1. Scanning for something at pLDDT 95 or above and loosely packed, with under 15 Cβ neighbours inside 10 Å, does the stretch 92-99 turn up at least one residue?
2. Only residues that are under 18 Å from Glu144 (Cβ atoms), exposed (fewer than 12 other Cβ atoms within 10 Å of the Cβ) and not aliphatic (A, V, I, L, M): list them for the stretch 53-89, please.
3. Need the failing condition index for Ala118 against (1) within 18 Å of the chain's Cα centre (by Cα); (2) surrounded by fewer than 17 Cβ atoms within 10 Å (Cβ to Cβ), just the number.
4. Looking at the stretch 148-169, which of its residues are outside any helix (DSSP H, G or I) and surrounded by fewer than 19 Cβ atoms within 10 Å (Cβ to Cβ)?
5. In the stretch 39-76, how many residues are among the β-branched types (Val, Ile, Thr) and within 22 Å of Thr113 (Cα to Cα)?
6. Within the stretch 119-147, can you find the residues that are small (Gly, Ala, Ser) and not in a strand (DSSP E or B)?
7. Return yes or no: is Arg115 in contact (Cβ under 8 Å) with a residue 60 or more places away in the chain and under 21 Å from Glu44 (Cα atoms)?
Amino acid sequence: MLSTYSGATIGRKSVGPARQNEPMTQQIPLANIITLGVADIADEREFYRRLGWPLVLDTDDFVVFELGGALLALFGVDDLGRDARAMPERGAGGIRSAVIITVDRPEDVDALTDRARAAGARVTKEPIAAEFFDGRDAYFADPEGNFWEIAWSAGDNPVTAAARRAAGR
C-alpha cells in the first residue's frame, strides 16, 4: 500500500498538506526495525547475544535480533553508508540518539540494567526515578556507544500506552 505524506506526490496521487492534529487516513507506516551501523559486527553480535536477545538472522555482514514488537539489525557502518548513499558517521563518543526499551515493572529497569552490565554494557545512568516523566529509568551504551534507555512508567502515560498498542500488547 502506498502511504501519503503532507505535501508530497506519491505514485500518481498528489497530496496536499495535512491539517494540524489530523489523523492519517492511510495505514500508519510500520517502523519496527532499528538498524545500527556498527564498526565491529562480531563484537556487537556477541554483546547482544550476551543480553539474551533471540537471534533471527546471523550472517557475516548482517545480524538481526528479535525484540518485543521490533527487530534490531546490526549492519556494517560502511555497508550501511553505501546502501543509504551517505557518509558513515563513526561518532565522537557522545549521545546522538537512544532506543527506549519499555519494561512492565519498575524493578525490571534494575534487572535489565544488571543484565546489560553483565553483558559488557557501559551503564551511564543507574536505575533511578526518571527526571523527565513519572517513572523509573536507566541508560546504557553497547560496546560501540549506541545508547539504550530502559524505562518504566504507569500505563496511563500516553507514550507508554501508544508503545504498547504499537507492539500489540
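1. Going through the stretch 92-99, the residues at pLDDT 95 or above turn out to be none.
Within the stretch 92-99, not a single residue is at pLDDT 95 or above and loosely packed, with under 15 Cβ neighbours inside 10 Å.
2. If the condition is that a residue be under 18 Å from Glu144 (Cβ atoms), exposed (fewer than 12 other Cβ atoms within 10 Å of the Cβ) and not aliphatic (A, V, I, L, M), then Asp60, Asp61, Glu89 are the ones that fit.
3. Every listed condition holds for Ala118 apart from (1).
4. Within the stretch 148-169, Glu149, Ala154, Gly155, Asp156, Asn157, Ala167, Gly168, Arg169 qualify.
5. Of the residues in the stretch 39-76, the ones among the β-branched types (Val, Ile, Thr) are 41, 56, 59, 63-64.
So of that shortlist, the ones also within 22 Å of Thr113 (Cα to Cα) come out as 64.
Total satisfying the criteria: 1.
6. First, the residues of the stretch 119-147 that are small (Gly, Ala, Ser): 119-121, 129-130, 135, 138, 141, 145.
Those that are small (Gly, Ala, Ser) and not in a strand (DSSP E or B): Ala119, Gly120, Ala121, Ala130, Gly145.
7. Values: in contact (Cβ under 8 Å) with a residue 60 or more places away in the chain: yes; under 21 Å from Glu44 (Cα atoms): yes.
Spelling it out, Arg115 is indeed in contact (Cβ under 8 Å) with a residue 60 or more places away in the chain and under 21 Å from Glu44 (Cα atoms).
To keep it simple, each residue is scored yes or no on (1) modelled with pLDDT of 90 or more; (2) part of a loop (DSSP other than H, G, I, E, B); (3) closer than 30 Å to Ala130 by Cα.
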| site | (1), (2), (3) |
| --- | --- |
| Tyr5 | no, yes, no |
| Met24 | no, yes, no |
| Val56 | yes, no, no |
| Phe65 | yes, no, yes |
| Asp79 | yes, no, no |
| Ala116 | yes, no, yes |
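The values are calculated or read from the model by the stated rules, or taken from the named source; none is laboratory data. All values reported here derive from a predicted model rather than from experimental measurement. Positions of Cβ are backbone-derived with ideal geometry, glycine not excepted, and every protein chain shown enters the neighbour counts.
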